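Participant: Sending over a structure as structure tokens; questions will come in a sec.
What follows is calculated from the coordinates using simple rules that are stated; it is not laboratory data. Values in this document were obtained by computation on a predicted structure and should not be read as measured data. For neighbour counting, all protein chains shown are included, and Cβ atoms are generated from backbone atoms with ideal geometry for every residue, glycine included.
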Amino acid sequence: MSKDFSDESAALEATVMEYMTAFMRADIPAVLATYAEDGVLMAPIGPAIEGKKQLAEMYPGLFDAVDFNMVPKVTEVLQTSADWGFVRSATEGTQTNKATGDTETAKYLELFLLRKSETGAWQIVRYNTTQIPAA
């Protein structure tokens, strides 16, 4: 595959790590800042959440219900064109149900599809996460 664009893999990874850091802090404005306006979250919690408006409505409920203490690890970064790329990650740690206080070990695999915005910032346009069942 010929590459006729500048390698911005570090910027792709940085955007995902910004998301993950904000997520672990339950910082909703910072989480939303990493998404494109048409961003979509596909998670095991239900149907796809489409657009920043729906994302802004979903994240408060998630953070009110669960406390995440996780460590993400980027496993792959691939820029496919000047404006598109993806990042895979694996996240491990614990999550605590705030209503019951129950804490469990948790592992997730994530796939982020990113697009460069008109301002040159990389943004999440699709985020797919799946929880790995405990062994």
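Participant: Any idea what angle helix 51-65 forms with the longest principal axis of the chain, computed on alpha-carbon atoms, 0 to 90 degrees, nearest 10?
Facilitator: Tilt of helix 51-65: around 30 degrees.
Participant: Taking K and R as +1 and D and E as -1, what net charge do the other residues with C-beta under 11 Å from the C-beta of Ala33 add up to?
Facilitator: Working: positive: Lys52; negative: Glu18, Asp27.
Summing Lys and Arg as +1 and Asp and Glu as -1 gives -1.
Participant: Okay, next question. Given the Cα atoms of the range 19-118, and with Rh set as the inverse mean 1/r over their pairs in the Kirkwood sense, what is Rg to Rh to two decimals?
Facilitator: On the way: Rg = 14.2 Å, Rh = 14.6 Å.
Rounded to two decimals, Rg over Rh is 0.97.
Participant: In nm, to one decimal, how far is the modelled label at Lys98 from the one at Trp84, with both set 7 Å along Cα→Cβ?
Facilitator: So the label points at Lys98 and Trp84 sit 3.7 nm apart.
Participant: Could you tell me how many degrees, from 0 to 90 and to the nearest 10, lie between the Cα long axis of helix 9-25 and the main elongation axis, the longest principal axis, of the Cα atoms of the chain?
Facilitator: Its long axis makes an angle of about 20 degrees.
Participant: Specify which residue in the list Gly51, Met20, Thr91 is farthest towards the positive end of the charge dipole of the chain, using unit charges on the beta carbon of Lys, Arg (+1) and Asp, Glu (-1), about the Cα centre.
Facilitator: Thr91
Participant: Taking the number of other C-beta atoms within 10 Å as the exposure measure, put Lys107, Lys98 in order starting with the fewest.
Facilitator: Details: Lys107 15, Lys98 12.
Fewest-to-most Cβ neighbours within 10 Å comes out as Lys98, Lys107.
Participant: Taking the Cα centre of the chain as origin, sum charge times position over the Cβ atoms of Lys and Arg (+1) and Asp and Glu (-1), and report the length of that vector in debye to the nearest 20. Before the final figure, lay out the partial values.
Facilitator: Numbers: 11 positive and 19 negative charges, 26 e Å.
I would put it at about 120 debye.
Participant: Averaging sequence separations of C-alpha pairs under 8 Å and six or more residues apart, then dividing by the length of the chain, give the relative contact order as a whole percent.
Facilitator: Values: 262 pairs, mean separation 33.7, N = 135.
This gives 25 percent for the chain.
Participant: Looking at the square roots a ≥ b ≥ c of the eigenvalues of the Cα gyration tensor of the range 13-57, which shape do they give, rounded for a/c under 1.5, prolate if a/b is larger than b/c, or oblate?
Facilitator: Judged from the Cα gyration tensor, the range 13-57 comes out prolate (a/c at least 1.5, a/b above b/c).
Participant: Also, I was wondering about something else. Express in nm, to one decimal, how much length is gained between Ser6 and Val66 on full extension, taking 0.36 nm for each residue of separation and deducting their alpha carbon distance. Don't jump to the answer; show the numbers that get you there.
Facilitator: Working: separation 60, 0.36 × 60 = 21.60 nm, distance 3.95 nm.
Answer, rounded to one decimal: 17.7 nm.
Participant: First select every other residue whose beta carbon is under 9 angstrom from the beta carbon of Val125; then total the charges, Lys and Arg +1, Asp and Glu -1. Before the final figure, lay out the partial values.
Facilitator: Details: positive: Arg115, Arg126; negative: Asp38.
So the environment of Val125 carries a net charge of +1.
Participant: Something else: As a check on your grasp of the helix formula, calculate [θ] at 222 nm for the chain: sum -39500 (n - 2.57) over DSSP H runs of n ≥ 4, divide by the residue count, round to the nearest 500.
Facilitator: Working: 3 runs with 38 residues, N = 135.
When only DSSP H runs of four or more count, the value is -9000 deg cm²/dmol.
Participant: Note down the nm distance, to one decimal, between modelled labels 7 Å out along Cα→Cβ at Thr21 and at Ala121.
Facilitator: Rounded to a tenth, the inter-label distance reads 1.4 nm.
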